């Protein structure tokens, strides 16, 4: 005959095992809201943060320091590799005040496109003028050569 402790668990079993049925995962937290995001949230890092982490990572000299830094910040070593590559290629530069510094606005983009088109038209006109000048020069040279023998 098996003796029980009143909760259905054998008497010889430790009391902590009685808690096996306490947790029910119904997808809600204690406040009634979901305890976690259904879809993961992708983190994004500013260039300043990336540069600061790279500098701190490179200063790590003791055994285990780099791993401790990555654990503390919740990062993977592959991110450090990617950030180093970005830095080498000049893609990772700290902004000067604004996060979108160096990126032209839509108005700037439209203005630059209009200026580019205006300059292309002006260049085409200048090339046409140079072509005509070359032809006029050649024609005048021919006229001067044909008139020169008549004057002698």
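The figures follow:
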{"read-out": "Between the stretch 58-97 and the stretch 115-140, the Cα center-to-center distance that results, in Å", "value": "54"}
{"read-out": "Principal semi-axes in Å for the stretch 106-147 [√(5λ), Cα gyration tensor, largest first]", "value": "40, 4, 4"}
{"read-out": "FRET efficiency, 1/(1 + (r/R0)^6) with R0 41 Å, evaluated for residue 63 and residue 108 via beta carbons", "value": "0.25"}
{"read-out": "Fully extended contour minus Cα-Cα distance, from residue 122 to residue 89, at 0.36 nm per residue", "value": "8.3 nm"}
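Every read-out reported here was derived from the displayed coordinates using simple, explicitly stated rules and does not represent laboratory data. Everything numeric here is computed off the predicted structure, so don't read it as measured data. Note that each Cβ is placed from the backbone with ideal geometry, even for glycine, and that neighbours are counted across all protein chains shown.
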